[in-house]
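Report on the structure given below.
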Amino acid sequence: MSDTLETMRADAEAIIARYPDFPRSALGPILHLVQSVDGYVSPRGIALAAELLNLTRSEVSAVATFYSQYRRHPNGEYNVGVCVNPLCGVMGGEMIWDAVSEHLGVGHDETTEDGKITLERLECNAACDFAPVVMVNWEFFDNQTPASTIQLVEDIQAGKDIHPTRGPDKVHSFKETSRVLAGFEDGHVDEGPSAVGPTLLGKRIAAEQGWTAPQAVAGSPSDTDVDETAGTEPVGKPGSSAERKEETK
Ligand code: FES
């Protein structure tokens, strides 16, 4: 991965070419691209995005400061996020945060002296069924404890490969992950399971019980949102549960 501005410009232009009708849609991926090279949304990256998309630097900065995935100062090689939103928090997320923050000697959005880890208090990652969760470079580590998370950060600092609960076989660096988020695949996108266990429990129970989603009543407010070709069926329609059982096997 080259770190030259020229290469970054060529890659940014390739991203923009994906959006021929509305080039500004390329801004998000370009900011990830900048992070893949500079490790954060750097001033030169902001200037490049503004130039290529005919935006002001202020407009680019407004986007970069709105979304927490964009870093405003150099990130560690691994971004370790502890979810402390209500569900994870009451399931142990706050205890994990306290233990790991004390162990590493850094607080929210701070980086360890060796540059390995930036620690972050995360909002909900939509993985509440595996609470409490920790994310490393946006890969999931489910059902964590203070001890397991301390082991995780010790492995990172020791230079060991770390393996998420779901997703790819191992967690790649912040810069490598940022390049994937910019839309340049690394060949690992289909590795590992994504939806497993608790996430699918409701679907499995519904299949076993023969439950299906109710059909919208003609003329109801939600009726206009229903795709008539999508196969919605009335509750308990004969013959539907077996098909769904097959789908969930
Ligand atoms: S509250 Fe932690 S994943 Fe939802």
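The values are calculated or read from the model by the stated rules, or taken from the named source; none is laboratory data. The structure displayed is predicted, hence computed values, not measured ones. Quick reminder, even Gly has a Cβ in these numbers, built from the backbone with ideal geometry, and neighbours come from all protein chains shown. Only protein heavy atoms, including side chains, enter the accessible area calculation; ligands, DNA and RNA are left aside. Shrake-Rupley method; radii C 1.70, N 1.55, O 1.52, S 1.80 Å.
For segment 172-216, filtering for residues that are of a type in the set (A, V, I, L, M, F, W, C) and more than 23 Å from Q35 (Cβ to Cβ) leaves 10. Residues that are aromatic (F, W, Y), under 22 Å from Y78 (Cβ atoms) and over 21 Å from the mean Cα position of the chain (by Cα) within segment 10-62 are absent altogether.
For first residues located in segment 189-210 and not assigned by TED's automatic domain parsing to the domain that holds R166, partners that are open to solvent by 60 Å² or more (accessible area, probe 1.4 Å) and lie 6+ apart or on another chain with Cβ distances below 7 Å form the pairs E191/D169; G192/D169; P198/D129; T199/D129; A207/R244; A207/K245. For segment 45-63, the set of residues classified as part of a helix (DSSP H, G or I), exposed (fewer than 13 other Cβ atoms within 10 Å of the Cβ) and not aliphatic (A, V, I, L, M) consists of S58 only.
Of the set (1) touching a Phe, Trp or Tyr at 6+ places or on another chain (Cβ under 8 Å); (2) open to solvent by less than 50 Å² (accessible area, probe 1.4 Å); (3) touching a residue at least 60 places away in the same chain (Cβ under 8 Å), all apply to E77 but (2). Within segment 111-126, residues that are away from the ligand (no atom under 16 Å from the Cβ) have Cβ atoms under 6 Å from residues that are open to solvent by 70 Å² or more (accessible area, probe 1.4 Å) and of a type in the set (D, E) in these pairs: K116/E77, counting only partners at least 6 apart in sequence or on another chain.
Go through segment 94-107 and count every residue that is touching a helix residue (DSSP H, G or I) at 6+ places or on another chain (Cβ under 8 Å) and closer than 26 Å to Y40 by Cβ. Count: 5. It is to be established whether one or more residues within segment 101-109 are within 16 Å of the ligand (Cβ to nearest atom) and acidic (D, E). No, segment 101-109 contains no residue that is within 16 Å of the ligand (Cβ to nearest atom) and acidic (D, E).
Beta carbons closer than 6 Å, at least 6 apart along the sequence or on distinct chains, pair a first residue in segment 7-19 that is assigned by TED's automatic domain parsing to the domain that holds L33 and open to solvent by 50 Å² or more (accessible area, probe 1.4 Å) with a second that is part of a helix (DSSP H, G or I) and hydroxyl-bearing (S, T, Y) for Y19/S25. Pairing each residue of segment 146-166 that is within 18 Å of D114 (Cα to Cα) with any residue that is open to solvent by 40 Å² or more (accessible area, probe 1.4 Å), provided the two are 6+ apart or on different chains, yields C-beta distances under 7 Å for I150/H103; V153/H103; I156/K116; Q157/D114; Q157/K116; D161/K170; I162/K170. With respect to the conditions (1) closer than 26 Å to M8 by Cβ; (2) of a type in the set (A, V, I, L, M); (3) at pLDDT 95 or above, L152 falls short on a single one, namely (1). For segment 65-89, the set of residues classified as over 14 Å from M135 (Cβ atoms) and away from the ligand (no atom under 16 Å from the Cβ) consists of T65, F66, Y67, Y70, R71, R72, H73, P74, E77, listed by residue number.
So that you can scan it fast, the table gives a plain yes or no per residue for (1) of a type in the set (G, A, S); (2) in contact with a helix residue (DSSP H, G or I) (Cβ under 7 Å, 6 or more places away or on another chain):
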site: V134; (1), (2): no, yes
site: A147; (1), (2): yes, no
site: T177; (1), (2): no, no
site: V180; (1), (2): no, no
